[in-house]
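The values are calculated or read from the model by the stated rules, or taken from the named source; none is laboratory data. As the structure is a prediction and not an experimental result, all values here were calculated from the model. No Cβ is skipped: glycine too gets one built from the backbone with ideal geometry, and neighbour counts run over all protein chains shown. Surface areas here come from the heavy atoms of the whole protein model, side chains and all, with no ligands, DNA or RNA. Shrake-Rupley method; radii C 1.70, N 1.55, O 1.52, S 1.80 Å.
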Amino acid sequence: ESPRAAGQNRLESTPESDERTEGKGADHSIARRYLEELPATRLGLPLVRDGAEPVWHLFVVQSAQRDAVRAALERDGIETMVHYPTPPHLQPCYSDLGYPPGSFPITERLHRDCISLPLNPALSDDEVRHTIAACRRAAPA
């Protein structure tokens, strides 16, 4: 089977995928569920302004207990990531600007607290439910 044919098979529609995507993509549906079902946690959620239509590439939450939350999620089988752990002003390529740690405390806190939750169109509804339940256990309100 050619790679193109294999890819085409992955794209075949199912009733579940039709319902989840509705023209906006499964990642949009998953992000919407996170926004609706995770406010009852200690996780800081992305702010979506009225009328905005985000294009979700990542779903990043905030937690002052990032390492503990990530460890709890990992124990539940949820893989998380920290996509941008180092603030721009502390990266080697900007060292010539001379900004020491503490120069941008809000930026540094955001980078220290961020966790990217799974946001993959291939996630099943059960996997999304499991992720939401695990987040509720890891960071209860």
Inside segment 99-112, can you point out the residues that are outside any helix (DSSP H, G or I) and on the phi < 0 side of the Ramachandran plot?
Y99, P100, P101, S103, F104
With the structure loaded, tell me whether S29 is modelled with pLDDT under 95, surrounded by 11 or more Cβ atoms within 10 Å (Cβ to Cβ) and in contact with a Lys or Arg (Cβ under 8 Å, 6 or more places away or on another chain) or whether it fails that test.
yes
Complete set of residues in segment 38-56 that are open to solvent by less than 40 Å² (accessible area, probe 1.4 Å) and out of contact with any His (no Cβ under 8 Å at 6 or more places or on another chain):
L38, T41, L43, G44, P46
Does any residue of segment 104-122 turn out to be crowded, with 16+ Cβ neighbours inside 10 Å, touching a Gly at 6+ places or on another chain (Cβ under 8 Å) and either hydroxyl-bearing (S, T, Y) or touching a residue at least 40 places away in the same chain (Cβ under 8 Å) (or both)?
yes
Where residues in segment 79-103 are under 20 Å from V60 (Cα atoms) and out of contact with any Asp or Glu (no Cβ under 8 Å at 6 or more places or on another chain), which of them is modelled with the lowest pLDDT?
Y84
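Specify the residue that is most open to solvent (accessible area, probe 1.4 Å); the eligible residues are those in segment 65-98 that are assigned to a loop (DSSP other than H, G, I, E, B) and closer than 17 Å to L43 by Cβ. Write out each step before concluding.
Residues of segment 65-98 that are assigned to a loop (DSSP other than H, G, I, E, B), as a first pass: 65, 76-80, 82-87, 91, 98.
The next check asks that each one be closer than 17 Å to L43 by Cβ; those that pass are 65, 76, 78-80, 82-83.
Values: Q65: 91, D76: 50, I78: 11, E79: 142, T80: 14, V82: 34, H83: 68 Å².
Here the answer is E79.
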Return a yes/no flag: does segment 77-86 have any residue that is among the small types (G, A, S) and touching a residue at least 40 places away in the same chain (Cβ under 8 Å).
yes
